[in-house]
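Single-structure report; data block below.
The values are calculated or read from the model by the stated rules, or taken from the named source; none is laboratory data. Quick caveat, the model's predicted, so the values are computed rather than measured. With ideal geometry, Cβ positions are generated from the backbone for all residues, glycine too; neighbour counts draw on all protein chains shown.
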Amino acid sequence: MAALVYRRALLKLSGEALLGEQGYGIDPRMLQYIAAEIREVHQLGAELALVIGGGNIFRGTEAEVYGIERATADYMGMLATVINSLSLQSALERVGVVTRVQTAFEMKAVAEPYIRRRAIRHLEKGRVVIFAGGTGNPYFTTDTTAALRAAEIGAEIVLKATKVDGVYDADPLQHPEAVKLPCLTYLEALQRGLKVMDATAISLCMENRLPIVVFNLRHAGAVRAILEGKPVGTLVKGE
């Protein structure tokens with residue numbers, strides 16, 4: 001059994017990751033798959049925190065389409081992340097992984113409020129912590145939430161799960177000739193406008209020297225391989 005290179009990590013999932021083959025909502029098969037992937041690394045002793053988006057239910061950036069002001073729409077999107085977090089918590093608990101959901105705004109009936117020291121203590125006790133509700137503020141993405149929480153809890157790496165197996169010099173779904181980039185610096189990602197994470201999130205990771213790995217969630221065993229230090233996806237780091 002390979003030793004873990006990264007002991008504490010933050011896994012960023014998009015809300016769309018829960019869609020599976022559906023056009024909307026939550027696919028129970030994807031929940032089971034993600035729970036199994038997390039359970040595998042949890043059993044190896046990894047301390048894992050998660051941030052999940054809400055795009056499978058509602059995206060705040062689509063506010064204009066619905067005639068809703070952006071700030072209100074962003075709060076609606078944050079509520080969607082709570083729904084996704086609770087569903088993932090349920091899936092993890094079913095496979096024997098003890099979890100805690102913490103929200104950026106109080107929802108005492110369903111989750112703990114986010115308290116940094118409490119979150120760290122949960123991780124130290126072997127619990128998976130799911131951060132819901134974004135940063136608690138409009139105009140910030142869940143990518144930024146992931147970078148912020150990762151820095152706060154002392155994570156050693158940010159894992160950005162996507163539909164593709166890394167970062168390319170063009171969209172590989174539209175440009176079959178696109179070239180995969182195995183390694184990037186933070187500045188290259190920012191200057192070239194590559195789809196790693198949003199600029200605020202990348203800047204936060206750069207300031208805190210947090211490496212980012214962009215990988216395909218549907219490649220079974222990818223999370224474990226990354227934490228074992230194997231070359232998976234695209235690594236974004238300093239010089």
Any idea which of A63, A104, A109, A73 is surrounded by fewer than 16 Cβ atoms within 10 Å (Cβ to Cβ), more than 26 Å from E228 (Cα to Cα) and hydrophobic (A, V, I, L, M, F, W, C)?
-> A109
Out of all the residues in region 12-54, which are charged (D, E, K, R) and surrounded by fewer than 22 Cβ atoms within 10 Å (Cβ to Cβ)?
-> E16, E21, D27, R29, E37, R39, E40
Result of the Cβ filter at 7 Å on region 80-104, keeping first residues that are closer than 15 Å to D27 by Cα and partners that are in a helix (DSSP H, G or I) and of a type in the set (K, R), at least 6 apart or interchain, is none
Look through V232, V214, V196 and report the one residue that is in contact with a Ser or Thr (Cβ under 7 Å, 6 or more places away or on another chain) and hydrophobic (A, V, I, L, M, F, W, C).
-> V214
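Just to verify a result, which residue in region 142-157, among those that are more than 11 Å from the chain's Cα centre (by Cα) and touching a residue at least 40 places away in the same chain (Cβ under 8 Å), is surrounded by the fewest Cβ atoms within 10 Å (Cβ to Cβ)?
G154
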Go through region 114-147 and give me each residue that's part of a helix (DSSP H, G or I) and among the hydrophobic types (A, V, I, L, M, F, W, C).
-> A119, I120, L123, A146, A147
Is there any pair with a first residue in region 200-212 that is under 14 Å from T145 (Cα atoms) and touching a residue at least 24 places away in the same chain (Cβ under 8 Å) and a second that is hydroxyl-bearing (S, T, Y) and assigned to a loop (DSSP other than H, G, I, E, B) whose Cβ atoms are under 9 Å apart and which are 6 or more apart or on different chains, and what are they?
-> T200/T141; A201/T141
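Residue-wise test of (1) touching a helix residue (DSSP H, G or I) at 6+ places or on another chain (Cβ under 6 Å); (2) at pLDDT below 95; (3) over 22 Å from V213 (Cβ atoms).
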{"site": "V5", "(1), (2), (3)": "no, no, no"}
{"site": "K12", "(1), (2), (3)": "yes, no, no"}
{"site": "G20", "(1), (2), (3)": "yes, yes, yes"}
{"site": "G25", "(1), (2), (3)": "no, yes, yes"}
{"site": "Y33", "(1), (2), (3)": "no, no, no"}
{"site": "H42", "(1), (2), (3)": "no, no, no"}
{"site": "G55", "(1), (2), (3)": "yes, yes, no"}
{"site": "G96", "(1), (2), (3)": "no, no, yes"}
{"site": "T99", "(1), (2), (3)": "yes, no, yes"}
Output the residues belonging to region 148-205 that are out of contact with any helix residue (DSSP H, G or I) (no Cβ under 6 Å at 6 or more places or on another chain), of a type in the set (A, V, I, L, M, F, W, C) and part of a loop (DSSP other than H, G, I, E, B).
-> A155, V164, A170, L173, A178, V179, L194
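Just for region 212-239: of the residues that are over 30 Å from R29 (Cα atoms) and part of a loop (DSSP other than H, G, I, E, B), which one is farthest from the chain's Cα centre (by Cα)?
Per the stated criteria, the residue is E239.
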Only one of these conditions is not met by L194: (1) more than 30 Å from E21 (Cβ to Cβ); (2) surrounded by 14 or more Cβ atoms within 10 Å (Cβ to Cβ); (3) without any contact (Cβ under 8 Å) to a residue 40 or more places away in the chain. Which number is it?
-> (1)
